[in-house]
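Working notes for the structure below.
The values are calculated or read from the model by the stated rules, or taken from the named source; none is laboratory data. Fair warning: this is a prediction, and the values are worked out from it, not measured in the lab. Cβ sites come from the backbone with ideal geometry, for glycine too, and all protein chains shown count toward neighbours. These area figures cover heavy atoms from the full protein model, side chains too; ligands, DNA and RNA do not enter into them. Shrake-Rupley method; radii C 1.70, N 1.55, O 1.52, S 1.80 Å.
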Amino acid sequence: MIESFFEFFSFQDPNVRYVVAGTILLGISAGVLGCFAVLRQRALLGDAVAHAVLPGVCLAFIVVGDKNPFALLVGAIIFGWTSIIVMDYVIQNSKISPDASIGMVLSVFFGLGVLLLTFIQSSGNVNQSGLDAFLFGQAASLVPLDVMVFGTLSVLIVITVALTFKELMLVSFDTGFATAIGYPVKKLEFLIATLLVLTITVGIQAVGIVLMASMLIIPASAARYWTTSLFYMLIIAGGVGAFSGVTGSFVSYLAPSMPTGPWMVLSALGVFILSFLFAPKRGELARFLDHRVNRKTIEDENILKTLFLLEEKDERKHRSRSLGEILKRRRMQEPVVKKGLKRLIEQRKVEKYEGSPDMYLLTEEGRNRAKRIVRVHRLWELYLTDQVQIAGDHVHDDAESMEHLITPEIEAQLTAVLENPKADPHNKTIPQ
């Protein structure tokens, strides 16, 4: 294993160099273009185009009589573009939904391609050997001419994206605004579609028609978990694509019977799963931890609020309260309240007096925190009744949720809109 690792990454074998170069360039271009497809919610378009290029490849072979990469490239591009035109025409001139249009084009074009491929295989042309590799990919069949042609296209795709980055970003996020400020939206959409077709054409020999859509979608989807910046998303997606290319090539080198394309997809999927689970802020683990922290914060604030309302009710500010009084005032599970009180004591927002039963009292810091929670709750109730015209007996539950979300900036706006009110809709004093 170790010996094979060093042999592979020494790149002394010319075939290894061609395969690695081709898959890396494919991975980068597919990852970069996939970002725009994913952001524009047109990921399935790539799947349809990938399947639609098969008849173009087959017709080009029939015309030329050989697997000339330039001829196959032209045939694939023509049919890829034709599929996009047909899909757009069907969507705009019929009642068929976009997803149905994509499904129709994918199945019809791919069916035509399979028929042509079957015809070629039965024609007796000795040059047709390996043409069926376009279905599932065969990176090991890449020769220097293939790498040169497809590599040049990949570089041109990346350069084009870099030069038109600002325009493509604006069209991807806000087409309406781009149109309003005079951007040539139709031309930019034409450019994106052209780059998508070129990217798919680049990848079909290495990854195959069936799996090419995965190389567009998975690296971009993985990158989306790591950043909110399109610039860094493009870099990460390109890196994931390149990594999957190297990994797929290495697995095929270790086990020649293993195809490169599927292993590229599985490698990208592995990165996606890691991103889905462990990416900071957006990963499932980070979301779980954030949810846990938010839940504890809400529980603590509810306990502080309950202690403050008990003080407000009997107007005895410095009277300590028992656990039973808290539970009677607020319906919460006893273990939850006990854990919350323990946290609040550690935060010095509540003082505990040992006894039978134990008693609890707000500190000045805890009382100020509780006072603000009650204040924003009552401000929001008043806003709903005064500005939104909702009945007073229907606003409590909504305010219960909003009191934990209202920021100081929103609080200031509410105060200004309501002209610094003194009482809520139920004539309860709004703490100042």
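Counting only heavy atoms of the protein chains and using a 1.4 Å probe, W380 has close to 40 Å² of accessible surface.
Apply 1/(1 + (r/R0)^6) to the Cβ-Cβ distance of Y89 and D290, taking R0 = 56 Å, and write down the FRET efficiency to the nearest 0.05.
0.75
Note on H394: accessible area approximately 130 square angstrom, rounded to 10, probe 1.4 Å, nucleic acids and ligands left out. Counting charges near E411 (Lys, Arg +1; Asp, Glu -1) among other residues having Cβ under 11 Å from its Cβ returns a value of 0. Full extension of the chain between F70 and Q41 yields a length gain of 7.3 nm, computed as 0.36 nm times the residue separation minus the alpha carbon distance.
Would you mind putting 301-310, 82-91, 9-18 in packing order, based on average other-beta-carbon counts within 10 Å, highest first?
Averaged packing, sorted descending, gives the order 301-310, 82-91, 9-18.
Between the alpha-carbon centres of the range 385-424 and the range 254-285 there is a gap of 47 Å. Can you tell which of A71, S29, L304 lies farthest toward the positive end of the dipole of the chain, using +1 and -1 charges on the Cβ of basic and acidic side chains (Lys, Arg; Asp, Glu)? Looking along the dipole axis, the top candidate is L304. Converting phi to 3J(HN,Hα) with the Karplus coefficients 6.51, -1.76 and 1.60 and the offset θ = phi - 60°, the range 395-401 yields 10, 5, 4, 5, 5, 4, 7 Hz in sequence order, with x at every glycine or proline. With both labels modelled 7 Å from their Cα along Cα-to-Cβ, the E7 to N427 distance reads 9.1 nm. Rounded to the nearest 20 debye, the dipole magnitude of the chain is 1060 debye, with +1 charges on Lys and Arg beta carbons, -1 on Asp and Glu beta carbons, and the Cα centre as origin. Applied to the range 329-337, the Karplus parametrisation 6.51 cos²θ - 1.76 cosθ + 1.60 on θ = phi - 60° returns per-residue 3J(HN,Hα) values of 6, 10, 7, 9, 5, 4, x, 5, 5 Hz, with x for Gly and Pro.
In the chain, helices alone account for a calculated mean residue ellipticity at 222 nm of -24000 deg cm²/dmol, with every DSSP H run of four or more residues adding -39,500 (n - 2.57).
Spacing of the modelled spin labels on D99 and R319, each 7 Å from Cα toward Cβ, amounts to 6.0 nm. Angle, helix 212-224 long axis vs. longest principal axis of the chain, Cα atoms, 0 to 90°, nearest 10? With both axes taken from Cα atoms, the answer is about 30 degrees. Per residue, the accessible area of the chain comes to 51 Å² when a 1.4 Å probe rolls over the protein heavy atoms. Residue by residue, the range 193-199 carries 3J(HN,Hα) couplings of 5, 5, 5, 5, 4, 4, 5 Hz when phi is fed to the Karplus relation 6.51 cos²θ - 1.76 cosθ + 1.60 (θ = phi - 60°); x denotes Gly or Pro. Summarising the label geometry, the points placed 7 Å from Cα in the beta-carbon direction at L254 and N125 lie 3.9 nm from one another.
Largest first, the residues D393, D314 sort by 1.4 Å accessible area into D393, D314.
Show me the trypsin sites (Lys or Arg not before Pro) within the range 162-227 that DSSP assigns to loop and that have at most 10 other Cβ atoms within 10 Å of their Cβ.
Taking the range 162-227 and a limit of 10 other Cβ atoms within 10 Å, no loop trypsin sites (Lys or Arg not before Pro) are found.
To test your reading of the geometry: what angle, between 0 and 90 degrees and rounded to tens, separates the Cα axis of helix 230-254 from the longest principal axis of the chain? Its long axis makes an angle of about 50 degrees.
Taking 23 Å as the straight-line reach from the Cα of K166, the lysines in range (excluding those fewer than 8 positions away in the same chain) are K186, K187. Using a cut-off of 12 Å between beta-carbons, work out the net charge of the residues near L45 (Lys and Arg +1, Asp and Glu -1, L45 not included). Taking every other residue near L45 into account, the sum is -2.
Taking a 1.4 Å probe, which of R378, R343 shows the most accessible area, and what order do the others take after it? Kindly include the intermediate steps, with their values, before the conclusion.
Details: R378 10, R343 45 Å².
The ranking, largest first, comes out as R343, R378.
Within the chain, the percentage of alpha carbon pairs spaced more than 38 angstrom apart rounds to 46%. Listed peptides 52-64, 349-361, 281-293 appear in the order 52-64, 349-361, 281-293 once ranked by packing, highest mean of other Cβ atoms within 10 Å at the front.
Calculated on C-alpha atoms, the gyration radius of the range 358-432 divided by its Kirkwood radius gives an Rg/Rh of 1.01. Straightening the chain between A180 and L145 buys 8.1 nm, computed as 0.36 nm per residue apart minus the Cα-Cα spacing.
To one decimal place, what Kirkwood hydrodynamic radius in Å is obtained for the range 1-105 from all pairs of distinct Cα atoms? Walk me through the numbers before you get to the answer.
Numbers: mean 1/r = 0.0610 Å⁻¹.
Value: 16.4 Å, from the Cα pair sum.
Restricting the calculation to Cα atoms, every distinct pair contributes to the Kirkwood radius of the range 287-387, found to be 14.2 Å. Taking amide H atoms as placed 1.01 Å from N in the peptide plane, the amide H of S322 lies under 5 Å from those of Y360, each 5 or more residues away in sequence or on another chain.
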